[in-house]
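Notes follow the structure.
The values are calculated or read from the model by the stated rules, or taken from the named source; none is laboratory data. Since we're looking at a predicted model, the values are computed, not measured. Because the Cβ atoms are built from the backbone with ideal geometry, glycine has one as well, and the counts that use them run over all protein chains shown.
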Amino acid sequence: MRAETSKAFEMTDETPISLWDLTTEETALSPEMDGDITTDLAIIGGGFTGLSTALHAAERGIDCHVLEAKKIGFGGSGRNVGLVNAGLWLPPQDVRAQLGEERGTSLITTLGDAPAYVMSLIERHQIRCEATRTGTIHAAHSPAGYEDLARRTEEWHRLGAPVDLLSREETTAKIGSTAFHGGLLDRRAGTINPMGYVRGLARAAMAAGAGISIGVTAQKLTRIGDRWVIETDRGQVSARFVVLGTNAYTDTLWPGLKQTFTMIHYFQAATEPLGAQGESILSERQGVWDTGRIMFSMRRDAFGRLIVGSMGRVIGGDKGLSRRWARQRIRAIFPELVDIEFEKFWHGQIAMTPDHLPRIFRLADGLYTPIGYNGRGITPGTMFGKAMADLVAGGHEGDMPLPVTNPSRVGSTGIRSTMYDAAFTAKQIKDAYRR
């Protein structure tokens with residue numbers, strides 16, 4: 001994360017990183033590393049991927065241990081929008097075009113079924129995360145956006161998915177606003193408090209026998225014989241297998257891994273509970289994201305707050321540009337809302353790949369990382385974590401949801417990230433001062 005100049009946005013280790021951190025009912029776990037560790041599977045990163053890997057591995061009887069540098073959910077998992085979506089940003093036909101019929105269909109099926117699997121974990125482990133199962137709406141920001149949604153809907157219908165192409169009037173009724181040109185309602189999807197979900201995964205993983213240590217920074221990875229030795233600031237960890245579950249928060253632990261994706265920010269603003277004036281807004285609590293090139297998202301939480309977001313950083317803390325942007329965007333969509341007050345602003349990081357497809361990299365023998373979720377962390381993180389546990393348990397790379405490949409660097413990732421940041425800031429300024 002980049003340092004902000006506003007004192008209002010300064011964070012300490014105790015500062016809630018997002019609204020979800022403030023409001024989740026799931027207790028924060030804080031187990032510390034006590035001496036050197038020997039295990040079958042070491043997992044670096046306490047987010048969706050790492051904790052799904054740990055839960056599924058422990059349930060298979062695999063001795064495993066998670067190392068988290070900050071706290072559970074500190075990265076994208078605790079800053080997520082919380083939309084439990086099916087599939088990827090790409091239309092399913094585009095996924096098949098890039099991966100081929102067999103591999104593309106396999107990934108589409110896996111991620112199409114993923115919301116139901118996430119909800120089954122929530123139910124089985126009684127994870128308190130404000131889960132809803134009323135779907136999500138991909139809203140058309142323009143007539144061209146509606147044409148794209150019609151193309152997606154046609155293909156999803158061919159695959160038998162329960163999705164509906166909504167007219168402008170139907171979208172207005174669902175969202176409570178005339179601002180959109182139509183929408184695609186995906187009934188497989190839902191919403192959660194993402195911090196509640198990731199903490200619940202941690203609780204379930206520990207109950208199944210997984211070890212977790214927070215406040216532990218992995219500093220070096222070394223292959224010695226048939227094992228990996230992880231040097232940390234708290235001691236050493238020896239493991240037969242290692243999974244890096246760091247995604248957009250990947251650092252320099254494995255040389256070159258940060259250059260396999262372009263990092264962008266995504267920011268959000270949460271109002272105070274709207275009360276009676278918000279009753280007609282997303283009354284069924286679907287989450288919304290739009291078809292704009294610089295995406296806009298919107299949802300309500302269980303307490304009646306409206307949360308809006310877009311690509312970019314929080315600028316000016318909770319009193320500056322981003323606050324003006326949020327107020328203007330809400331007024332443009334819901335002009336009936338007056339005297340809007342905001343409770344929390346935050347941003348997180350997204351790992352974007354050139355083709356908008358995630359990756360599963362084999363970095364070396366026994367060392368893997370799923371990465372590049374392109375803003376879709378909840379379902380791919382959960383399913384790829386399960387797949388990593390299957391692989392460590394004796395499965396085959398050919399059975400993974402994606403082809404397992406060697407890492408390939410993307411050129412000029414730092415420059416691209418800076419250019420995107422400038423474009424997102426310009427859009428934020430434009431929207432904030434639009435009349």
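Can you tell me which of Val216, Val288, Val229 is farther than 18 Å from Gly381 by Cβ and assigned by TED's automatic domain parsing to the domain that holds Gly182? So that I can check it myself, show each step before the final result.
Working: Val216 fails: assigned by TED's automatic domain parsing to the domain that holds Gly182; Val229 fails: assigned by TED's automatic domain parsing to the domain that holds Gly182.
That would be Val288, the only listed residue that is farther than 18 Å from Gly381 by Cβ and assigned by TED's automatic domain parsing to the domain that holds Gly182.
Is it fair to say Arg359 is modelled with pLDDT under 95 and either under 22 Å from Ser297 (Cβ atoms) or of a type in the set (Lys, Arg) (or both)? Write out each step before concluding.
On the way: modelled with pLDDT under 95: no; either under 22 Å from Ser297 (Cβ atoms) or of a type in the set (Lys, Arg) (or both): yes.
Considered against the rule, which asks whether it is modelled with pLDDT under 95 and either under 22 Å from Ser297 (Cβ atoms) or of a type in the set (Lys, Arg) (or both), Arg359 comes out as no.
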The stretch 353-375 - residue that is touching a helix residue (DSSP H, G or I) at 6+ places or on another chain (Cβ under 8 Å) and crowded, with 23+ Cβ neighbours inside 10 Å and, of those, farthest from Arg79 (Cα to Cα):
Tyr368
From the residues in the stretch 29-66 that are more than 25 Å from the chain's Cα centre (by Cα) and not charged (D, E, K, R), which one is farthest from Asp390 (Cα to Cα)?
Gly35
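Here's the yes/no breakdown for (1) of a type in the set (Val, Ile, Thr); (2) over 16 Å from Glu130 (Cα atoms):
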| residue | (1), (2) |
| --- | --- |
| Ala269 | no, yes |
| Gly275 | no, yes |
| Glu279 | no, yes |
| Ser283 | no, no |
| Arg299 | no, no |
| Gly304 | no, no |
| Met311 | no, yes |
| Ile315 | yes, yes |
| Asp318 | no, yes |
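For Leu201, are the conditions met, namely being in the same structural domain as Ile43 (by TED's automatic domain parsing), touching a residue at least 24 places away in the same chain (Cβ under 8 Å) and surrounded by 24 or more Cβ atoms within 10 Å (Cβ to Cβ)?
Values: in the same structural domain as Ile43 (by TED's automatic domain parsing): yes; touching a residue at least 24 places away in the same chain (Cβ under 8 Å): yes; surrounded by 24 or more Cβ atoms within 10 Å (Cβ to Cβ): yes.
So Leu201 fits the description; yes.
Within the stretch 279-315, take every residue that is of a type in the set (Gly, Ala, Ser) and buried (at least 20 other Cβ atoms within 10 Å of the Cβ) and give me the one that is nearest to Phe180 (Cα to Cα).
Taking the stretch 279-315 and keeping what is of a type in the set (Gly, Ala, Ser), we get 280, 283, 287, 292, 297, 302, 304, 309-310, 312.
With the extra rule that they be buried (at least 20 other Cβ atoms within 10 Å of the Cβ), the set shrinks to 287, 297, 309-310, 312.
Numbers: Gly287: 14, Ser297: 13, Gly309: 16, Ser310: 16, Gly312: 22 Å.
Filtering first and then ranking leaves Ser297.
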If you scan the stretch 300-339, which residues turn out to be over 14 Å from Arg434 (Cα atoms) and polar (S, T, N, Q)?
Ser310
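Yes/no matrix, rows are residues, columns are (1) surrounded by fewer than 22 Cβ atoms within 10 Å (Cβ to Cβ); (2) in contact with an Asp or Glu (Cβ under 8 Å, 6 or more places away or on another chain); (3) free of Cβ contacts under 8 Å to residues at least 12 places away in the same chain:
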residue	(1), (2), (3)
Asp21	no, no, no
Ala28	yes, no, no
His56	no, yes, no
Cys64	no, yes, no
Ile72	no, no, no
Gln93	yes, yes, no
Ala116	yes, no, no
Set Val242, Val229, Val288: member being touching a residue at least 60 places away in the same chain (Cβ under 8 Å) and either within 30 Å of Met33 (Cα to Cα) or touching a Cys at 6+ places or on another chain (Cβ under 8 Å) (or both)
Val242
Confirm whether Leu99 is in contact (Cβ under 8 Å) with a residue 24 or more places away in the chain, out of contact with any Phe, Trp or Tyr (no Cβ under 7 Å at 6 or more places or on another chain), over 21 Å from Gly375 (Cβ atoms) and surrounded by 16 or more Cβ atoms within 10 Å (Cβ to Cβ).
no
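For (1) among the basic types (Lys, Arg); (2) farther than 22 Å from Ile43 by Cα; (3) out of contact with any strand residue (DSSP E or B) (no Cβ under 6 Å at 6 or more places or on another chain), each residue gets a yes or a no:
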{"position": "Gln349", "(1), (2), (3)": "no, no, no"}
{"position": "Ile360", "(1), (2), (3)": "no, no, no"}
{"position": "Leu367", "(1), (2), (3)": "no, no, no"}
{"position": "Gly395", "(1), (2), (3)": "no, no, yes"}
{"position": "Pro403", "(1), (2), (3)": "no, no, yes"}
{"position": "Ile415", "(1), (2), (3)": "no, yes, yes"}
{"position": "Thr425", "(1), (2), (3)": "no, yes, yes"}
Counting residues that are among the charged types (D, E, K, R), which strands (runs of 3 or more DSSP E) fully inside the stretch 235-302 reach at least 1?
235-244, 287-290, 296-300
Answer yes or no: is there a residue in the stretch 231-248 that is under 25 Å from Met311 (Cα atoms), of a type in the set (Ser, Thr, Tyr) and either crowded, with 21+ Cβ neighbours inside 10 Å or out of contact with any His (no Cβ under 9 Å at 6 or more places or on another chain) (or both).
yes
Failed item in (1) touching a helix residue (DSSP H, G or I) at 6+ places or on another chain (Cβ under 9 Å); (2) surrounded by fewer than 22 Cβ atoms within 10 Å (Cβ to Cβ), with Ala270 passing the rest
(2)
